[in-house]
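Only one structure is covered here, and it is reproduced in the block below.
The values are calculated or read from the model by the stated rules, or taken from the named source; none is laboratory data. Because the structure is a prediction, the values reported are computed rather than measured. Here the Cβ positions follow ideal geometry from the backbone for every residue, glycine too, while neighbour counts run over all protein chains shown. Quick note on the areas: whole protein, heavy atoms, side chains included, nothing else; ligands and nucleic acids left out. Shrake-Rupley method; radii C 1.70, N 1.55, O 1.52, S 1.80 Å.
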Amino acid sequence: RCLARGLSDIAAMGGIPRAAFLSLALPAELPQSWVDKFIAGLLKLAAQFSVPLAGGDTAQSPAGVLADIVVLGSVPAGQAVLRAGARPGDFLYVTGTLGSAVAALNQLRDGKKLRPRSHPKHFYPQPRVAVGQFLREKRLASAMIDISDGLSTDLAHICEESGAGAVVYAEALPAAGGKDGLTLALHGGDEYELLFTARPERRIPKQVVGVPITRIGEILSGKQMMLATADGKTQPLKPAGWEHFG
């Protein structure tokens, strides 16, 4: 999962992952079998994206497992997709579906046992690296971010960097469903999907490399984020996802 997070950050700029570095601190009593499974899982994901584990460090931890991964990537000079390119009138899009990853996490927190293969979005997250590269190469995305912290929070980053506002259409969100589907889709986080904007004249495919793409809103002038509900009303949309330094 920590490697997936780094790969997702590379994907959000349309980048190509080049190498990963792992620093790992482990308690002395940790079984070797746990370490073997951790490394095997990391290397499996790294191989999927052709990312070599190029180095790092190991140490003993006084308590708990500490893991830090740095992922290096590259883009052609001047072509990185940033958060600052959105303009009023741009359409707002998201890849994949939203909400099921954090729904599974909430079930685990409640003490439920889950079968990993029944909840792939949480246990086997798939960074949208190929989608990000496609959007950059075709010059389709004007701004982009991954939504690991939650759509509302990460949309706020695009709006802040671009000096704009946005409206999100509640009915358009590709929410996973359930009684809390809309809330989890807006604020849940734990996703590795891409949120991006595009000029209205750009033709955005309905899917890229098998990943669905959904138009969910529009960039507005001003700096306020709004949620448009099914009854035609609008209400303020406040960032309510994960805040790293909240």
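Residue by residue through the range 205-241, note down the ones that are among the hydrophobic types (A, V, I, L, M, F, W, C) and not in a strand (DSSP E or B).
If the condition is that a residue be among the hydrophobic types (A, V, I, L, M, F, W, C) and not in a strand (DSSP E or B), then V209, A230, L237, A240 are the ones that fit.
Of all the residues that make up the range 193-203, how many are farther than 25 Å from V102 by Cβ and under 19 Å from the mean Cα position of the chain (by Cα)? Walk me through how you get there before you give the answer.
Restricting attention to the range 193-203, the residues satisfying the condition of being farther than 25 Å from V102 by Cβ are 198-203.
Of the ones still in play, those that are also under 19 Å from the mean Cα position of the chain (by Cα) are 198.
Looking only at that region, the number is 1.
Applying the selection to the range 68-105, what residues are open to solvent by less than 50 Å² (accessible area, probe 1.4 Å) and assigned to a strand (DSSP E or B)?
I69, V71, G73, S74, F91, L92, Y93, V94, T95, L98 - these are the residues of the range 68-105 that are open to solvent by less than 50 Å² (accessible area, probe 1.4 Å) and assigned to a strand (DSSP E or B).
Could you run through the range 6-32 and say how many residues are part of a helix (DSSP H, G or I), open to solvent by 40 Å² or more (accessible area, probe 1.4 Å) and in contact with a strand residue (DSSP E or B) (Cβ under 8 Å, 6 or more places away or on another chain)?
Result for the range 6-32: 1.
Being under 13 Å from the mean Cα position of the chain (by Cα), over 23 Å from G15 (Cβ atoms) and either at pLDDT 95 or above or surrounded by 14 or more Cβ atoms within 10 Å (Cβ to Cβ) (or both): is that true of G163 here? Full working, then the answer.
Values: under 13 Å from the mean Cα position of the chain (by Cα): no; over 23 Å from G15 (Cβ atoms): yes; either at pLDDT 95 or above or surrounded by 14 or more Cβ atoms within 10 Å (Cβ to Cβ) (or both): yes.
Criteria not met by G163.
Any residue in the range 106-124 that is among the aliphatic types (A, V, I, L, M) sitting within a Cβ distance under 6 Å of a residue that is in a loop (DSSP other than H, G, I, E, B)? List the pairs, counting only those 6 or more apart or interchain.
Cβ pairs passing all conditions: none.
All but one of (1) open to solvent by 70 Å² or more (accessible area, probe 1.4 Å); (2) in contact with a helix residue (DSSP H, G or I) (Cβ under 9 Å, 6 or more places away or on another chain) hold for Q60; state the number of the condition that does not hold.
That leaves (2) as the condition not met.
What residue, among those in the range 207-229 that are over 19 Å from the mean Cα position of the chain (by Cα) and open to solvent by 70 Å² or more (accessible area, probe 1.4 Å), is nearest to A176 (Cα to Cα)?
Filtering first and then ranking leaves Q224.
Conditions: (1) crowded, with 21+ Cβ neighbours inside 10 Å; (2) part of a loop (DSSP other than H, G, I, E, B); (3) touching a Lys or Arg at 6+ places or on another chain (Cβ under 8 Å). D149 meets all but one. Number of the miss?
That leaves (3) as the condition not met.
Residues of the range 33-56 being touching a residue at least 24 places away in the same chain (Cβ under 8 Å) and either acidic (D, E) or outside any helix (DSSP H, G or I) (or both), which ones?
F49, S50, V51, P52, L53, A54, G55, G56
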